[in-house]
Amino acid sequence: MHKLCLYSDIPEGSAKGFEIDGRKIVACNYRENIYIYENSCPHRSIPLEWQPDQFLDYEKTFIQCATHGALFKIDTGVCIAGPCVDDKLNKIAFIQEGEQILVEL
């Protein structure tokens with residue numbers, strides 16, 4: 001397990017990018033739950049964001065790929081719009097111990 005961050009580092013309604021051992025990941029706090037995925041769009045295997053930590057759409061209800069506009073449900077990682085409909089983001093296993101979030105890579 002690798003320490004990712006503290007729960008408080010990802011405010012409600014936001015997402016943050018990280019890199020651990022060369023793997024890019026994105027962590028989202030949605031409705032006070034944490035969701036963690038590989039930071040790679042299944043359409044082209046490219047990072048989801050153009051600007052640091054800019055992963056969510058305007059309403060902060062979907063993860064949005066900045067390259068082609070694909071939208072992914074935050075709680076499941078399933079693509080609902082764009083060039084990779086029905087594909088999924090790869091979930092990253094994690095545990096929360098108190099305030100710490102630990103990921104399994």
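So if I place +1 on the C-beta of Lys and Arg and -1 on the C-beta of Asp and Glu, and nothing else carries charge, what would the dipole magnitude of the chain be about its Cα centre? I want it in debye, nearest 20.
240
So what J values fall out for the range 23-34 if you push phi through Karplus, 6.51 cos²θ - 1.76 cosθ + 1.60 with θ = phi - 60°, rounded to Hz, Gly and Pro as x?
With coefficients 6.51, -1.76 and 1.60, one gets 9, 8, 9, 10, 10, 10, 10, 10, 6, 6, 10, 9 Hz.
Applying the Karplus parametrisation 6.51 cos²θ - 1.76 cosθ + 1.60 with θ = phi - 60° to the phi angles of the range 35-44, what ³J(HN,Hα) value in whole Hz is obtained for each residue in order, glycine and proline being reported as x?
Karplus values, whole Hz, x for Gly and Pro: 10, 10, 9, 5, 7, 8, 6, x, 5, 10.
Loop only per DSSP, at most 13 neighbouring Cβ atoms within 10 Å: give me the trypsin sites (Lys or Arg not before Pro) in the range 12-105, ordered by residue number. Write down the numbers at each step before the final one.
Values: sites: 16, 23, 24, 31, 44, 60, 73, 88, 91; in loops: 31, 44, 60.
The qualifying sites are 31, 44.
Looking at the chain, which chymotrypsin sites (Phe, Trp or Tyr not before Pro) are DSSP coil and have at most 15 other C-beta atoms within 10 Å of their C-beta? Mind dumping the intermediate values first?
On the way: sites: 7, 18, 30, 35, 37, 50, 55, 58, 62, 72, 94; in loops: 50, 55, 58.
Those satisfying the criteria are 50, 58.
Going through the range 6-59, which GluC sites (Glu not before Pro) have at most 11 other Cβ atoms within 10 Å and a DSSP loop state?
Qualifying residues, ordered by number: 12, 32, 59.
Given H placed 1.01 Å from N in the peptide plane, which residues other than close sequence neighbours of residue 14 have an amide H under 5 Å from its amide H?
The answer is 29.
Could you tell me the center-to-center distance, by alpha carbons, between the range 88-103 and the range 2-58 in angstrom?
Computed from Cα coordinates, the inter-centre distance equals 11 Å.
At 7 Å along Cα-to-Cβ for each site, give me the label-to-label distance between residue 7 and residue 19 in nm.
If labels sit at residue 7 and residue 19, their model points lie 2.9 nm apart.
Which whole-number percent is the relative contact order of the chain (Cα, under 8 Å, 6+ apart)?
That works out to 26 percent.
Starting from the Cα gyration tensor of the range 49-96, take the square roots of the eigenvalues, sort them a ≥ b ≥ c, and report rounded, prolate or oblate (rounded when a/c is under 1.5, otherwise prolate if a/b is larger than b/c, else oblate).
Numbers: a/c = 1.73, a/b = 1.18, b/c = 1.47.
The shape class here is oblate.
Is the shape of the range 20-66 best called rounded, prolate or oblate, per the rule: a/c under 1.5 gives rounded, else a/b larger than b/c gives prolate, else oblate, with a ≥ b ≥ c the square roots of the Cα gyration tensor eigenvalues? Show your work: numbers first, answer last.
Details: a/c = 1.91, a/b = 1.26, b/c = 1.51.
It comes out oblate by the Cα gyration axes.
Values quoted throughout were computed directly from the atomic coordinates according to the rules given, and no laboratory measurement underlies them. Predicted, not measured: the structure shown is a model, and the values here were computed from it. No Cβ is skipped: glycine too gets one built from the backbone with ideal geometry, and neighbour counts run over all protein chains shown.
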